[in-house]
């Protein structure tokens, strides 16, 4: 109970006064819940974008490997049987069939942008396979290509093969 200057007595409802001082716990919890939903959605979209960029980089690496294999074939009369044969020489040595210096060291080591690459020799040439380092984290697809330079994809953990659908 309070009195004003004229002597009139009036009552202050403490609930109303408390409400004027700040936000209630419920209001703060609602705001936090909304922020958490936004952060979760943004994180999921960010992860999808990162996987898309890793997959795009893997496709670019396939093109680089195909160009390097073509150059290797023109220089040495055969296709390279490993990524090391396409990569730079170890510790500044001379380039040659064992290390032609046609691709970057990280790709020659077999890993680039969240994917693991392998080359295998075939009777007609070579085949290249790329699988994500961590499925559904660094990528959702696996890729395959050979000397035809057609890239095949598989939407799953099993490595893509020449029978997998072509990348469009």
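All of the numbers you see were taken from the coordinates with simple rules; none came from a lab. Bear in mind that the values here come from a model prediction, so they are computed numbers and not experimental data. Positions of Cβ are backbone-derived with ideal geometry, glycine not excepted, and every protein chain shown enters the neighbour counts.
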Is there a residue being out of contact with any strand residue (DSSP E or B) (no Cβ under 9 Å at 6 or more places or on another chain) and surrounded by fewer than 13 Cβ atoms within 10 Å (Cβ to Cβ) anywhere in the range 66-73? no
Check whether at least one residue in the range 60-81 is outside any helix (DSSP H, G or I), in contact (Cβ under 8 Å) with a residue 60 or more places away in the chain and closer than 21 Å to residue 152 by Cβ, and report yes or no. yes
At positive phi and loosely packed, with under 11 Cβ neighbours inside 10 Å, is that true of residue 101? no
Scan the range 114-148 for residues that are under 20 Å from the mean Cα position of the chain (by Cα), in a strand (DSSP E or B) and either free of Cβ contacts under 8 Å to residues at least 40 places away in the same chain or surrounded by fewer than 19 Cβ atoms within 10 Å (Cβ to Cβ) (or both) and jot them down. 116, 118, 129, 131, 135, 142, 144
What number of residues in the range 87-113 are free of Cβ contacts under 8 Å to residues at least 24 places away in the same chain and not in a loop (DSSP other than H, G, I, E, B)? 8
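I'm checking my understanding of the structure. Among residues of the range 149-168 that are free of Cβ contacts under 8 Å to residues at least 40 places away in the same chain and surrounded by 14 or more Cβ atoms within 10 Å (Cβ to Cβ), which one is farthest from residue 43 (Cα to Cα)?
164
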So, residue 37, is that one in a helix (DSSP H, G or I) and closer than 19 Å to residue 122 by Cβ or not? no
Tell me the residue from 42, 90 that is in contact with a strand residue (DSSP E or B) (Cβ under 8 Å, 6 or more places away or on another chain) and surrounded by fewer than 18 Cβ atoms within 10 Å (Cβ to Cβ), please. 90
